[in-house]
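This report refers to the structure that appears directly beneath it.
The values are calculated or read from the model by the stated rules, or taken from the named source; none is laboratory data. On a predicted model such as this, the values are computed, not experimentally measured, just so you know. Cβ sites come from the backbone with ideal geometry, for glycine too, and all protein chains shown count toward neighbours. Note: accessible area is taken over every heavy atom of the protein model, side chains too, but ligands, DNA and RNA are not part of it. Shrake-Rupley method; radii C 1.70, N 1.55, O 1.52, S 1.80 Å.
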Amino acid sequence: MKRDKWLWLALLVVVLVAGAGWYWYNNQADTPPTKEETTIGRTATLYLHGYSGGAGSTNTLIRRAEGTGATKVLTATVAKNGKVHWTGDPHRVSKPIVQVIFQDNKNPDVVKLADWLTTINRQLYQRYGVRNVNFVAHSMGNMAVMFYAVRNQNQGKLPKMKHYVAIAGHFDGIIGMGDQPHQIKLAANGYPSPMDENYAELARLRDHFPKGVKVLNIYGDLHNGSDSDGRVSNNSSRSLRYLVSTRAATYQEKEYFGRDAQHSALHENPQVAKAVDSFIW
């Protein structure tokens with residue numbers, strides 16, 4: 001009996017040690033860093049890719065921003081289970097950039113995208129001392145930003161949103177997926193008709209958009225008669241105005257034309273990069 005008691009005790013110790021190791025492994029990304037690693041800067045700029053995108057979708061924009069004195073210090077990669085993996089060299093710089101990568105880059109669930117972005121921003125606040133954020137988003141990345149913005153109005157320990165650059169945002173649908181060229185009509189205040197399900201939800205929550213954000217809305221027109229960038233109609237992009245105009249500090253639109261204004265070409269367009277950098281910095 002005494003031998004059996006010791007065997008059971010040894011087994012219990014093994015189970016506890018294994019459990020502690022598993023917990024540490026799965027939560028190490030949430031462990032506060034050392035004091036030396038804490039601060040990357042008070043205001044960080046996050047770059048978000050669109051549907052089926054990745055690092056290549058924002059690399060050019062980031063490189064051009066670095067040419068103006070900004071520094072990419074971190075990459076936040078979100079796994080399919082929502083866990084954030086941080087890579088890079090976290091240190092204090094004057095214009096820190098964080099590149100956001102969603103591994104599940106074809107997930108159309110805008111609430112899940114917003115939740116992932118919330119996790120990133122909460123960890124930026126708690127781990128890296130970030131108190132303000134700017135967003136530069138392409139395509140579907142804009143849905144992550146907008147649903148993040150309206151769903152976190154009263155949440156503490158999150159950075160304050162300062163600047164938002166929307167590039168090729170499909171706020172009221174995508175051509176071939178509920179929208180068609182020339183289908184959306186805008187009222188004088190930017191209110192679109194018809195509106196899709198996601199837009200209707202954003203419109204319902206537009207009074208929750210944070211006050212004082214400076215917004216730049218960039219979109220492209222191929223000049224082929226479609227009034228679109230080939231994927232998103234201009235009026236779908238321009239419908240952002242109604243969602244933010246009563247809360248934003250400023251709202252501007254910039255339209256680009258021709259081959260370099262195609263949906264994916266916009267994030268490679270040097271004039272777009274120049275407009276982004278001038279607006280934020």
Among the residues listed as S278, S226, the single one being more than 21 Å from the chain's Cα centre (by Cα), surrounded by fewer than 19 Cβ atoms within 10 Å (Cβ to Cβ), hydroxyl-bearing (S, T, Y) and more than 23 Å from V150 (Cβ to Cβ): S226
Would you pick out the residues in segment 173-189 that are in contact (Cβ under 8 Å) with a residue 24 or more places away in the chain and either part of a strand (DSSP E or B) or within 26 Å of T45 (Cβ to Cβ) (or both)? I174, I175, D179, K185, L186
Restricting to segment 178-198, give me the number of residues that are farther than 17 Å from A248 by Cβ, within 24 Å of the chain's Cα centre (by Cα) and surrounded by 12 or more Cβ atoms within 10 Å (Cβ to Cβ). 6
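Would you call G169 touching a helix residue (DSSP H, G or I) at 6+ places or on another chain (Cβ under 9 Å), open to solvent by less than 10 Å² (accessible area, probe 1.4 Å) and in a loop (DSSP other than H, G, I, E, B)?
Numbers: touching a helix residue (DSSP H, G or I) at 6+ places or on another chain (Cβ under 9 Å): yes; open to solvent by less than 10 Å² (accessible area, probe 1.4 Å): yes; in a loop (DSSP other than H, G, I, E, B): yes.
Answer is yes for this residue.
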Filter segment 140-161 down to the residues that are open to solvent by less than 10 Å² (accessible area, probe 1.4 Å), over 15 Å from V98 (Cα atoms) and in contact with a Phe, Trp or Tyr (Cβ under 6 Å, 6 or more places away or on another chain) and list them by number. A149, V150
Flagged in segment 214-229 as in contact (Cβ under 8 Å) with a residue 60 or more places away in the chain and not basic (K, R), in numbering order, are L216, D229
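For every residue, the table says whether it meets (1) within 21 Å of V213 (Cα to Cα); (2) touching a Ser or Thr at 6+ places or on another chain (Cβ under 9 Å); (3) open to solvent by less than 40 Å² (accessible area, probe 1.4 Å).
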residue: G82; (1), (2), (3): no, yes, yes
residue: W86; (1), (2), (3): no, yes, yes
residue: P90; (1), (2), (3): no, yes, yes
residue: V100; (1), (2), (3): yes, yes, yes
residue: Q103; (1), (2), (3): no, yes, no
residue: P108; (1), (2), (3): no, no, no
residue: L113; (1), (2), (3): yes, no, yes
residue: N121; (1), (2), (3): yes, no, yes
residue: R127; (1), (2), (3): no, yes, yes
Which condition from (1) surrounded by 15 or more Cβ atoms within 10 Å (Cβ to Cβ); (2) part of a loop (DSSP other than H, G, I, E, B); (3) touching a strand residue (DSSP E or B) at 6+ places or on another chain (Cβ under 9 Å) is the one that R247 breaks? (3)
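Could we say that V215 is among the aliphatic types (A, V, I, L, M) and part of a strand (DSSP E or B) here? Talk me through it step by step, then tell me what you get.
Details: among the aliphatic types (A, V, I, L, M): yes; part of a strand (DSSP E or B): yes.
For V215, the condition - among the aliphatic types (A, V, I, L, M) and part of a strand (DSSP E or B) - is met.
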